[in-house]
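Read through the structure below, which is laid out as structure tokens, and then see the notes.
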Amino acid sequence: MNLLTILLVSLGAGGAYFVALWAIDIIKNKNNLGKENPIIGFIIGFVTDFFDTLGIGSFAPTTMLMQVTRFLKNDKLIPGTLNVSHTIPVLTEAFIFLAAVEVEGVTLFSMVIAAIIGAIIGARFVNKLPEKQIQIIMGICLLVTAGLMIAGQFGLIAGLGTGTAIGLTGVKLVIGVVVNFVLGALMMAGVGLYAPCMATVYMLGLNPLVAFPIMMASCAGLMAIGSPEFIKAGNYTRIGSLAITVGGILGVYVAATFVKKMDLKVLTWVIIVVVIFTAISMLRKGLKNKVEV
């Protein structure tokens, strides 16, 4: 059994456990599914997971849309609804890109496992750091990276932006593993993994498309493990999460079709936009927190 197969089986097992637990909860509470509008939920899921597949992330846009539409009557349900409703769409993303994009097994497996271990173990250290400082530092780093990526696109930096490798070896592999471990831990502090992972893959000379299976498998593993806790506690909307999930799955398939057909030059520009967008969002949050403190 090769490493890709082991990863697929592991994600499948995690997904099966999540679905079984969720189905039991839905059946047990069939008379108390919630009063959220499933049509609005479907639209929210389609839009947010469409952009999630492009690497923008789904949590922040979903939170915004839920607040704008007053989808939830109780804000305490937001964290659970985010995790539960997006688990299956993110697993879908992972399976689609793991099957469609060739990635060297050791690189893929080690970086995904590093992110999961980072979230489980490293979070206890990261959570002690001031959130605003993390956001400001990450925002600045991403802006610098975006600048380097743009320079590479225009051929201003020799060799940058011409990566075609599907795997890492030696020092580059060690860097990739360490960075993904840190990114997994930072997720527990509210810093999204997608954009930094995209930037890391680019800077290490990999094919930009390789970032997609790595980052999506990393997040799918994390969510399949973490989301059941919200289900057990009942801290989420049942009908709302179902609607978001169905819309999200459709959004993933539509977006994945575009991504897989993109020219690498175009895809790199999409990644640059995502990185800049994420950097600005982080800086705004960090500076806002700084002012409030």
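Points to keep in mind about this one:
- Summing charges over all other residues whose Cβ lies under 13 Å from the Cβ of Ile244, with Lys and Arg as +1 and Asp and Glu as -1, gives -2.
- Gaussian network model of the chain, Cα within-10 Å springs - most flexible of Pro196, Pro130, Pro79: Pro130
- Relative contact order of the chain: 38 percent, from C-alpha pairs under 8 Å at least 6 residues apart in sequence.
- Listed candidates (1) 15.3; (2) 16.2; (3) 17.5 - label of the one calculated as mean projected area of the Cα convex hull in nm²: (1)
- Distance from the alpha carbon centroid of the range 237-293 to that of the range 88-113 works out to 18 angstrom.
- When the chain is treated as a GNM with alpha-carbon contacts under 10 Å, the residue of Asp263, Asp75, Asp25 showing the greatest mean-square fluctuation is Asp263.
- Screening the chain for whole DSSP H helices of 30 Å or more along their axis (Cα) with average Kyte-Doolittle hydropathy at least -1.0 returns 3-28, 78-100, 131-153, 238-261, 264-292.
- Nonlocal amide H pairs with Gly57, under 5 Å, H built at 1.01 Å: Asp52
- Its relative contact order, with pairs defined as Cα atoms under 8 Å and 6+ residues apart, puts the range 1-153 at 26 percent.
- For the range 1-90, the Cα-based Rg and Dmax, in that order, read 15.2, 48 Å.
- Residue pairs, from the table Lys76/Lys285; Lys132/Lys288; Lys35/Lys76, whose Cα atoms sit over 18 Å apart: Lys76/Lys285
Bear in mind that the values in this text are calculations on the coordinates, not laboratory data. Everything quoted here is computed from the prediction, not taken from an experiment. With ideal geometry, Cβ positions are generated from the backbone for all residues, glycine too; neighbour counts draw on all protein chains shown.
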